[in-house]
Amino acid sequence: MPTKELEIETMARMTDPTNALRLFQHAFECGQIPVEPGRIDPTLMFACDEPNGRARFNYMRVEGRTLSTLVMFAHSDMIEGHPCFNVGYAVAEAFQGKGLAKSTQVAALNEMANGLTGARIPMIHVEAVIAPENFVSQRVATVIFDSAPVTITDSESGLPALHYSRRIDLPMRAGPERERATLR
């Protein structure tokens, strides 16, 4: 009898930050993620890690022991000699539709910019790659990206995508005084 090969079709998909939210939730429940409150917004939790040897700044809203929202800024590249961060965000299903993605994204960007200002980094670039059919994420992206997206092919999945980008000039501190980088 001839052997039949089982063909498994793998559909190309863009990276989904919801998967990261699930993993973070599990690690958070197990106490494996050391978090600290934000410096500007103490209700925003912060954790830094280095998957793949590159810095990733993770900001979370917590409701009890549940992560309601996760915003991640992963250092992806250098543009014009300045760090570029790819942003990903996800909201737990029970908390969707309440504006948490937008408000957490703004708070997280302010926290990250404030921290990088302290590191004397004068400028950063932030980018997001979003599926054309993901209208919710596109609406959220308009909160921090002030220009229209460019249509690209996602380098991970090979699928069409929308690329949002923004250059952010950070204030330079002259001394030890604390200055807030506020982004809207």
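The values are calculated or read from the model by the stated rules, or taken from the named source; none is laboratory data. This structure is a prediction, so every number in the text was calculated from the model and none was measured. Here Cβ is always computed from backbone atoms with ideal geometry, including for glycine, and neighbour counts include all displayed protein chains.
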Out of all the residues in the range 25-39, which are part of a loop (DSSP other than H, G, I, E, B) and either touching a strand residue (DSSP E or B) at 6+ places or on another chain (Cβ under 8 Å) or on the phi < 0 side of the Ramachandran plot (or both)? C30, Q32, I33, P34, V35, G38, R39
Looking at the range 56-70, can you tell me whether even one residue there is surrounded by 14 or more Cβ atoms within 10 Å (Cβ to Cβ), of a type in the set (A, V, I, L, M, F, W, C) and touching a Cys at 6+ places or on another chain (Cβ under 7 Å)? yes
Across the range 66-124, what is the total count of residues that are without any contact (Cβ under 8 Å) to a residue 24 or more places away in the chain, in a helix (DSSP H, G or I) and either within 22 Å of L162 (Cβ to Cβ) or within 16 Å of the chain's Cα centre (by Cα) (or both)? 1
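Residue-by-condition table, conditions (1) within 19 Å of A90 (Cβ to Cβ); (2) in a loop (DSSP other than H, G, I, E, B); (3) at pLDDT 90 or above; (4) more than 20 Å from the chain's Cα centre (by Cα):
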position: D146; (1), (2), (3), (4): no, yes, no, no
position: I152; (1), (2), (3), (4): no, no, yes, no
position: S157; (1), (2), (3), (4): yes, yes, no, no
position: Y164; (1), (2), (3), (4): yes, no, yes, no
position: R167; (1), (2), (3), (4): no, no, yes, no
position: M172; (1), (2), (3), (4): no, yes, no, yes
position: P176; (1), (2), (3), (4): no, yes, no, yes
position: A181; (1), (2), (3), (4): no, yes, no, no
How many residues does the range 42-88 hold that are touching a Lys or Arg at 6+ places or on another chain (Cβ under 9 Å) and of a type outside the set (A, V, I, L, M, F, W, C)? 9
Boolean, P42 is part of a loop (DSSP other than H, G, I, E, B) and at pLDDT 90 or above: yes
Only listed residue being surrounded by fewer than 17 Cβ atoms within 10 Å (Cβ to Cβ) and touching a Pro at 6+ places or on another chain (Cβ under 7 Å), chosen from T142, T117, T151: T151
Find all pairs meeting these conditions: Cβ atoms under 9 angstrom apart; at least six residues apart or on different chains; first residue within the range 31-52 and in contact (Cβ under 8 Å) with a residue 24 or more places away in the chain and among the small types (G, A, S); second residue part of a helix (DSSP H, G or I) and surrounded by 10 or more Cβ atoms within 10 Å (Cβ to Cβ). G38/A107; G38/A108; G38/N110; G38/E111; G38/N114
